[in-house]
Structures are given as C-alpha cells and as structure tokens.
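Asker: First, the structure itself, so that you have it in front of you.
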Amino acid sequence: MRSGWHWEREGADWPLRSTSSFVALGHLRWHIQRLMPSEAESPSKPPRRIVLLHGTFSSTHSFRKLGPLLAQGHEVLMPDLPGHGWTQGARASDMAMPNMARLLAVLIESLGFYPAVFVGHSAGAALAMRLGLTSGKLLESVISLNGALLPLPGLLGHVFAPAAQVLDFVPGLAQFTAWRSRHSDWVDRLLAGTGSVLSPDDVSWYRRLASDAPHVQAVMDMMARWDLAGFAQLLPTFRAPIDLLAASRDATVPASEIKRAALLLPQARCQVLRDLGHLAHEEAPQTVAASILESLNRH
C-alpha cells in the first residue's frame, strides 16, 4: 500500500476495476488488467494476445476505451508501468529503459502471456521495442502509437534531458508538483498542448494521477533515465514486424519525427491518423482500434 493512495478509496472507481489484479514479483507489486473475449462474441479468427503499454505520466486508465474494443476478439493485458498508477515498489534504477524492459519481461513470462502483439503509446512504444530486443520470444510484433522513439530534435533535446536529470534530485519537487496539481490548472494546460481534444472526464484522470506524489516521482525518475539517444542507435537492429501509427495534430511527438524513425526501421509500415493528437486513443478510440486491428490482420 502506498502513502496517501488506497485501492479501496482512490481506486474504488478506477476504470475497468473489475478486470484488475495485483501480482507480486520481487520488489514490485504490479497492477494489471486482463480483458478476455466473451464466448458470445465468437471471433471469426483465433484470438491474439495483445499487451497495451502506456507512456510516462499515464496509467492503464488511458486504455479504458481502447482496451474493451480490442478485447471484443482478443485477449488484452494492460499493466501499470513501475511506479505509475497502482504498480508499487519501484526503485529509481527501475526507470532506465533496459531495466524496465527486463522487469516487464519477467511479468509477461510469469503470466504466460506470450507471444504477444505489443501496442505501445509514446514511451510505451520504445519500451515494447526494447523488450523485443531483450526477450524476442515474448514478442510477436509491435504497433507503435505516437511512439517516442527518438531524442527531441535540436536545442530542445540538448536541454531537456540534462534538465530532467537535475530536477530529479531537487528535494520535495514531486510533492510540490502533486500539490500544484490539486491547486492549479497546469495538468489541463499540459494536456491541451498534446494536440488532443479531451473530455473533462479524460482530463480528470490525469489530474488525479498528477496529485499523487509517488506517481509524479516515478515520472521524474523515468524522464531523467530514459536514454533515447542510446535507444535510437539500436533501432536498425530491431527485426520484428512493426507498424508506426502517427497523428497529424500530435504536438508532443510530431508525425514528422515518427517518419524520421521509420527511416531507421526499413521493415516498418507508417500510417498517419488525420485530425488527432498525441492521445488519439482517448479522443478517437474507435479509429485507433480499427487501425490496430488492420495491422493485426496483416501479420
């Protein structure tokens, strides 16, 4: 149990709560959600296993609309990444991409949920690919949704990463940020800057997460240790099938950056979703589900 947050209180209305369970592995207590196709839906093809990986600052809540759509014909697993949402016990060192990929691989193996198609949003896409490089037997293919696969371009990239590392060591910053989330509209403005048009309900879940200091600390630890420059050098060695979905209004990971990443992945397919932003799967889940299912049918 984490300080301040309690599953029976703050988690009482958590999206898809009935599908939630907790898995203790080593020092982590994972929160996962599993969705199974119902017999009544009788899929025409054998169900595939799909793992949905959220990005930093997010949690399983972001897939509350997309997950059930994919589960109409497939098995779906959605974990909270270490330190995010309801997954507890994370250490700062867990937030480095190779370490997080190894921890995720242990979880997937313990559940026997493989080989699977990994659908990763933003940083979750990079994590899925890193897991594929670490434990190829677990991964069937990857679908990257607005994947953050390359360092930020230009001066911003040279400034952001060092700044994140410095801020990670500022005492009390996570607690202050959580307090600020409860007393200002900065989360609303942050989400508006993604290019997505979200409902008040969509925004409320991010406000709730941002008001939890351990979650904020995990986000800061992840940003400080996420070595995208090193990861980008590995992209040409990735051999599994991969589809890159971009969004035309994405102001966080512009479609141009995803097309640039595609040049390092000769086997990749790239598709641009029109008039959607970085959180496309929340503003237009039907559209995103259709693109994912189309990708599944190709593999």
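The values are calculated or read from the model by the stated rules, or taken from the named source; none is laboratory data. Owing to the predicted nature of the structure, the values given are computational and were not obtained by experimental measurement. Every residue, glycine among them, receives a Cβ derived from its backbone with ideal geometry; neighbour counts consider all protein chains shown. These accessible areas exclude ligands, DNA and RNA; they are computed on the full protein's heavy atoms, side chains included. Shrake-Rupley method; radii C 1.70, N 1.55, O 1.52, S 1.80 Å.
Asker: Determine the pairs where a residue that is on the phi > 0 side of the Ramachandran plot, located within the stretch 74-97, has a partner that is at pLDDT below 95 and β-branched (Val, Ile, Thr) with Cβ atoms under 9 Å apart, the partner being 6 or more residues away or on another chain.
Answerer: Cβ pairs passing all conditions: Gly83/Val219.
Asker: Okay, moving on. Among the residues of the stretch 244-266, which ones are under 17 Å from the mean Cα position of the chain (by Cα) and part of a helix (DSSP H, G or I)?
Answerer: Listed by number, the list holds a single entry, Ile258.
Asker: Restricting to the stretch 76-126, what's the tally of residues that are buried (at least 22 other Cβ atoms within 10 Å of the Cβ), under 21 Å from Gly11 (Cα atoms) and small (Gly, Ala, Ser)?
Answerer: 3
Asker: Condition first: open to solvent by 10 Å² or more (accessible area, probe 1.4 Å), of a type in the set (Gly, Ala, Ser), in a loop (DSSP other than H, G, I, E, B) and at pLDDT below 95. Can you find one or more residues in the stretch 8-29 that meet it?
Answerer: Scanning the stretch 8-29, I find no residue that is open to solvent by 10 Å² or more (accessible area, probe 1.4 Å), of a type in the set (Gly, Ala, Ser), in a loop (DSSP other than H, G, I, E, B) and at pLDDT below 95, so the answer is no.
Asker: A further question on this structure: Collect the residues in the stretch 215-231 that are assigned to a helix (DSSP H, G or I) and surrounded by 19 or more Cβ atoms within 10 Å (Cβ to Cβ), keeping them in residue-number order. Outline the logic, then answer.
Answerer: First pass over the stretch 215-231, keeping only residues assigned to a helix (DSSP H, G or I): 215-225, 228-231.
If the condition is that a residue be assigned to a helix (DSSP H, G or I) and surrounded by 19 or more Cβ atoms within 10 Å (Cβ to Cβ), then His215, Val216, Gln217, Ala218, Val219, Met220, Asp221, Met222, Met223, Ala224, Arg225, Phe231 are the ones that fit.
Asker: Suppose we keep only residues that are in a loop (DSSP other than H, G, I, E, B) and touching a strand residue (DSSP E or B) at 6+ places or on another chain (Cβ under 6 Å) within the stretch 267-289. Which one would you say is surrounded by the fewest Cβ atoms within 10 Å (Cβ to Cβ)?
Answerer: The qualifying residue surrounded by the fewest Cβ atoms within 10 Å (Cβ to Cβ) is Ala268.
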